[in-house]
Amino acid sequence: MADVIFLDLDGTLVDHRGAVFETIGRIARASPNATAPPGELADLWWALEARHMGEYLAGECSFGEHHRRRLRAFLPVLGEEVPDGDGLDAWIAERYLAPFAENWRCYPDVLPCLEELRGLEGRPRLAVLTNGNAGQQRAKLERFGLLDHVEAVLTPAELGVAKPHAYGAACARMGVDPARAVNVGDVLEGDARAAVRAGLTGVWLDRGVDFYTGGPSPEADGSDLRIEALTELTDVLARATA
């Protein structure tokens, strides 16, 4: 079937978007001086996350600084003063990261898929390939008992490059020919099509929502390998490689 299967994390294994919106919604509802309703504040936080995470992935700032940049723009709209650097770090740790971790949810199709892959004859090696922070992503995997199922957790810190440009580096790190590797993720362009352009088999996990916008899923075409649940993965790959 494949020698290595790379699995995206946020939006594929763990509901990152849901955790973000739940966390910021709670913060907003508990903020008496907020200048916008909770839904608008969650949308703003999500947009700021995308902007400043992009700066971190481009090497323009550290992971901690990307949080500080996000917070400097967010706090005035929340109706709070912007503290100094140490104060920003404390706010992120206590008021965002702690409740954010409490709101992580593993999708129910994840463990059944991993158990099925583990039971295959000549089972593929599994690795998580994610653009997230290595420590935080490992904590998610450990929380849900997923670390024992994968051989490696690959992030920009290890590879020196982020998706959608990381597929060649990930294959090199795993010692696999891209033609013998599969990448599975919930973002059609960045996880599936970009992997195909790098020589891998790309599988799009369509969870029924666009990860970035929260709107309807984008349109696939006849060339895209598409699944609606991870439990469909082995059948789709078997047909694709038959």
Within region 79-122, residues more than 17 Å from R143 (Cα to Cα), of a type in the set (G, A, S) and within 26 Å of the chain's Cα centre (by Cα) come out as A90, A93, G119
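Restricting attention to region 207-218, and to residues there that are open to solvent by less than 40 Å² (accessible area, probe 1.4 Å) and within 14 Å of the chain's Cα centre (by Cα), which single residue is farthest from L13 (Cα to Cα)?
Step one: filter region 207-218 for residues open to solvent by less than 40 Å² (accessible area, probe 1.4 Å), giving 210-211, 214-215, 217.
Checking the rest, the ones that are also within 14 Å of the chain's Cα centre (by Cα) come to 210-211.
Details: D210: 15, F211: 13 Å.
Ranking the qualifying residues of region 207-218, first place goes to D210.
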Name, by its number, the condition in (1) on the phi < 0 side of the Ramachandran plot; (2) open to solvent by 20 Å² or more (accessible area, probe 1.4 Å) that does not hold for G202. (2)
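Quick check on my filter: what residues within region 17-73 are in a loop (DSSP other than H, G, I, E, B) and either charged (D, E, K, R) or open to solvent by less than 50 Å² (accessible area, probe 1.4 Å) (or both)?
Taking region 17-73 and keeping what is in a loop (DSSP other than H, G, I, E, B), we get 30-37, 58-62.
Listed by number, the residues that qualify are S31, A34, A36, E60, C61.
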Being of a type outside the set (S, T, Y), touching a strand residue (DSSP E or B) at 6+ places or on another chain (Cβ under 9 Å) and at pLDDT 95 or above is the requirement here; does L230 meet it? yes
Which ones in region 182-204 are of a type in the set (A, V, I, L, M, F, W, C), in contact (Cβ under 8 Å) with a residue 40 or more places away in the chain and under 14 Å from L233 (Cα atoms)? V182, V184
Considering only region 89-140, how many residues are open to solvent by less than 60 Å² (accessible area, probe 1.4 Å), farther than 23 Å from R69 by Cα and in a helix (DSSP H, G or I)? 6
Name the pairs whose Cβ atoms lie under 7 Å apart, with the first residue in region 93-114 and hydroxyl-bearing (S, T, Y), the second buried (at least 19 other Cβ atoms within 10 Å of the Cβ), and 6 or more positions between them or separate chains? Y96/T23; Y107/L13
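The values are calculated or read from the model by the stated rules, or taken from the named source; none is laboratory data. Just so we're clear, the structure is a prediction, and the values are computed from it rather than from any experiment. Heads up, the Cβs are rebuilt from the backbone with ideal geometry, glycines too, and the neighbour counts pull from every protein chain shown. Calculation scope for accessible area: heavy atoms of the full protein, side chains included, ligands and nucleic acids excluded. Shrake-Rupley method; radii C 1.70, N 1.55, O 1.52, S 1.80 Å.
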